[in-house]
Ligand SMILES: Nc1ncnc2c1ncn2[C@@H]1O[C@H](COP(=O)(O)OP(=O)(O)O)[C@@H](O)[C@H]1O
Ligand SMILES: [Mg+2]
């Protein structure tokens, strides 16, 4: 199965270009990103981003199939109108509670005398580490990610291929998710008219969408501060060390404000976006007492009270839940600091405020590709969507970097969790082209 969409429109084939499509299932919005590239292996350029409010997803999890399908269809239509093509398949980013990141180790002998590591050895050692893993009933492995290789005891080997040694060790990270969640995601996307060509856990896509190569090597944490969840990822030596999802997001802040002010959430949401709730020096025009009229009633509230409540919520989120996720990576020091992205990172002054809470430098990051994205849709809330394209490209470049489940519907057994198969051996660029032609004709 190709990891990019089939070319459904003849015009695309005539131009010799192809599309990569990513679909970000968020709690607040659904985003469809379309990238185009020349031929099968060129650079990809994002040419369109469609979106629609997400109405059937709560805390990252699908809670209403019909509403999710409708939102998906609206987002897909929006993207199709933008790029003038019919889309047929996409790599889908999703999250939700119960995302587990489990590490196992594996070892194989290369023989009695040192010899060069071949691709088959790498596949064998990955399989050895996979056998150490026990997957509980009702769960499945979504991603298998080599974290670190060692050769004859020398740790930190980035890519052992071609290196000499007698013993190859690996540390593997597996991302385990409920089978039912994957079923629901697949079901909704298929009903909305797209085939699912791949799945990616949202925090991984958000990290790939924002982390600079230096940050990912020296050690950094990324938080995608979304509507109902925060995706957390920790990278070190260029590889993910931990991925997790915290079921708290910007909506919780809005709800707190609505409860305190006794106003509907849409008004609280509007106020949250207008007020500088984290800034040490708020703009001079911001009053000390908030006074406004809403639906014929007058409201007043000391701004101090509101900022205290919002800051308490964010403090708890970062200094308890997110701190725990970062600690689970086992990386003691993160010189690259904390990178925050997602709609929640748009609050004025939140970076300075958080740098004191987490005691690290904090950078608010738009997508790395923002300069090449549509100007009105290239902000922090699109980092995950842009990251899906980077994920697809990285996986294609090195199929053993992120190994994932085979997404054929019949393979997702509700009662029988399976170890993901390794990518087919020796899949050359030529084979890729052959497959592409097979799919076309
Ligand atoms: N200017 C802003 N200030 C504060 N929060 C914002 C702002 N803009 C958007 N948000 C918040 O960002 C969240 C949505 O982020 P987004 O990344 O789009 O979510 P998701 O990926 O979960 O759909 C919402 O809770 C929204 O209130
Ligand atoms: Mg998001």
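Rule-based calculations on the coordinates, nothing more; no lab input. Since this is a predicted model, take the numbers as computed values, not measurements. Cβ sites come from the backbone with ideal geometry, for glycine too, and all protein chains shown count toward neighbours.
Let me check against my output: what whole-number percent is the relative contact order of the range 212-364, with C-alpha pairs under 8 Å and at least 6 apart?
RCO, the range 212-364: 30 percent.
Calculated from DSSP H runs of 4 or more alone, at -39500 (n - 2.57) each and per residue, what is the 222 nm mean residue ellipticity of the chain, nearest 500?
-9500 deg cm²/dmol
Taking neighbour counts of Cβ atoms within 10 Å as a proxy for exposure, in what order, fewest first, do 257, 360 appear?
360, 257
With angles folded into 0 to 90 degrees, how steeply does helix 65-83 sit against the dominant principal axis of the chain? Use alpha carbons for both and round to 10.
80
Below 8 Å, C-alpha to C-alpha, sequence gap of six or more: please give me the relative contact order for the chain in percent.
Contact order relative to length: 18 percent.
With each pseudo-label sitting 7 Å past Cα toward Cβ, what's the residue 166-residue 86 distance in nm, one decimal?
That separation, rounded to one decimal, is 6.2 nm.
I need the calculated FRET efficiency for the pair residue 298 and residue 273, taking r as the beta carbon distance and R₀ as 22 Å, to the nearest 0.05.
The computed FRET efficiency comes out at 0.55.
Against the longest principal axis of the chain, how steep is helix 250-261, in degrees 0 to 90 to the nearest 10, with axes from Cα atoms?
20
Between the range 345-375 and the range 274-312, how many Å separate their Cα centres?
23
Using the Kirkwood formula on the Cα atoms of the range 175-276, what hydrodynamic radius do you get, in angstrom to one decimal?
One decimal place: 16.0 Å for the Kirkwood radius.
Ranking 69, 234 by Cβ neighbours within 10 Å, fewest first, what do you get?
Ascending Cβ contact count within 10 Å gives the list 69, 234.
In the chain, what % of DSSP beta bridges are antiparallel (nearest 5)?
So the antiparallel bridges in the chain amount to around 80 percent.
Jot down the radius of gyration and Dmax of the range 212-364, Cα atoms only, both in angstrom.
16.9, 57
Using only Cα atoms, find the angle between the long axis of helix 429-440 and the longest principal axis of the chain, and express it within 0 to 90 degrees, rounded to the nearest 10.
With both axes taken from Cα atoms, the answer is about 70 degrees.
For the chain, just the Cα atoms, rotate onto the principal axes and tell me the three extents in Å, largest first.
79, 52, 42
Restricting the count to DSSP beta bridges whose residues both fall in the range 212-364, what percent are antiparallel, rounded to a multiple of 5?
For the range 212-364, the DSSP antiparallel bridge percentage is about 75.
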